[in-house]
1. I'd like the full set of residues that are more than 18 Å from the chain's Cα centre (by Cα) and surrounded by 24 or more Cβ atoms within 10 Å (Cβ to Cβ), limited to the stretch 282-319.
2. Criterion first (buried (at least 23 other Cβ atoms within 10 Å of the Cβ), modelled with pLDDT of 95 or more and farther than 24 Å from residue 164 by Cβ) does residue 228 satisfy it?
3. Kindly indicate the residue of the stretch 1-24 that is in a strand (DSSP E or B) and touching a residue at least 40 places away in the same chain (Cβ under 8 Å) and also surrounded by the most Cβ atoms within 10 Å (Cβ to Cβ) among those meeting that condition.
4. Can you report the number of residues in the stretch 109-167 which are more than 21 Å from residue 17 (Cβ to Cβ), without any contact (Cβ under 8 Å) to a residue 60 or more places away in the chain and in a loop (DSSP other than H, G, I, E, B)?
5. Collect the residues in the stretch 67-81 that are under 13 Å from residue 38 (Cβ atoms) and exposed (fewer than 14 other Cβ atoms within 10 Å of the Cβ), keeping them in residue-number order.
6. Take residue 138 and decide whether it is within 24 Å of the chain's Cα centre (by Cα), at pLDDT 85 or above and under 20 Å from residue 240 (Cα atoms).
7. Of 199, 191, which residue is more than 17 Å from the chain's Cα centre (by Cα) and in contact (Cβ under 8 Å) with a residue 60 or more places away in the chain?
8. I'm trying to understand the selection: among the residues of the stretch 193-223, which are at pLDDT 95 or above, more than 21 Å from residue 142 (Cα to Cα) and not in a loop (DSSP other than H, G, I, E, B)?
């Protein structure tokens, strides 16, 4: 199947199926000399892995990553890095009823029409389980970017279904199973998820994503714009149906006198552009939001057809997330890190020798992002 490699200079080839022996990826292009071990990768996988609370799928996968190549004596060698994540808790019998029919809203039908043959166990290649290798690869990119540029990545849930989650502080994010930057709303979110699970239904979510301490100058005009590649990466995450960068769709109602981010000797006065101008990073924080649709695999009976085109009713009996957006936070961070990593290597190759007599202005005036809830 084509389309399984993300990036060019930092190329990540994803392999495996949800119910196969293992999933994983091969990273080609990681710079040599980076200190790397499983301990650098596992914490990010632990944030994404299933079975961590009653609000996500109860598939109990440890997601223990193994580095099979590309590292010698604790340092990357510049050769391909193979990361393997064994599957240990498959229940393929849960999907026996999906062999001849299709879940509404899922990729079952399109995979069958495109390839003429599909793996119905857990969705095969269309499963969100295949985001785990990207989180692992993103952990490698995050470490290099932090060492080279001080860049960090964070994300949080800002809406669960129809419930808006006001930003209170990033310190709350690791303290609850929703990755919410708000402590007071957790009981409300838990009650909402319990009701969904009892009803056999699902909901969507909105995730806010940030990259801080960004280098200036990443990206290129026209077709290699940084923001275009960010949108491409985010839309490659399972269930993502919308991406906003900076003010996003709110720009429709803004005037030019409001939207254009003024420059001062102290830095940019605002960040409506989301850290990208003309497809090139400004050095401000990258700011974006993604919209995630409700989970397609639900117990509620839905109308469908079988492979003969005859009417059928579908109920999904496997273990699934009532809201896939809950575990999307580390996935979105990882995909953003992979985009920034790719562009950092491109920039180093072409413009690494560029020196300006005028130093770059600071990325932002402290506190300018308070309107969106993030810290500067």
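1. Initial filter on the stretch 282-319 (more than 18 Å from the chain's Cα centre (by Cα)): 282-284, 296-319.
Once the filter is applied, which keeps residues that are more than 18 Å from the chain's Cα centre (by Cα) and surrounded by 24 or more Cβ atoms within 10 Å (Cβ to Cβ), the stretch 282-319 yields 282, 284, 297.
2. On the way: buried (at least 23 other Cβ atoms within 10 Å of the Cβ): no; modelled with pLDDT of 95 or more: yes; farther than 24 Å from residue 164 by Cβ: yes.
The answer is no for residue 228.
3. Restricting to residues being in a strand (DSSP E or B) and touching a residue at least 40 places away in the same chain (Cβ under 8 Å), the top hit is 12.
4. Counting residues in the stretch 109-167 that are more than 21 Å from residue 17 (Cβ to Cβ), without any contact (Cβ under 8 Å) to a residue 60 or more places away in the chain and in a loop (DSSP other than H, G, I, E, B) gives 2.
5. 68, 74
6. It is true that residue 138 is within 24 Å of the chain's Cα centre (by Cα), at pLDDT 85 or above and under 20 Å from residue 240 (Cα atoms).
7. Numbers: 191 fails: in contact (Cβ under 8 Å) with a residue 60 or more places away in the chain.
Sole residue among the options that is more than 17 Å from the chain's Cα centre (by Cα) and in contact (Cβ under 8 Å) with a residue 60 or more places away in the chain: 199.
8. 205, 206, listed by residue number.
The values are calculated or read from the model by the stated rules, or taken from the named source; none is laboratory data. Note that the structure is a prediction, hence the values are computed from the model and not measured. Note: ideal-geometry Cβ built from the backbone for every residue, glycine included; neighbour counts use all protein chains shown.
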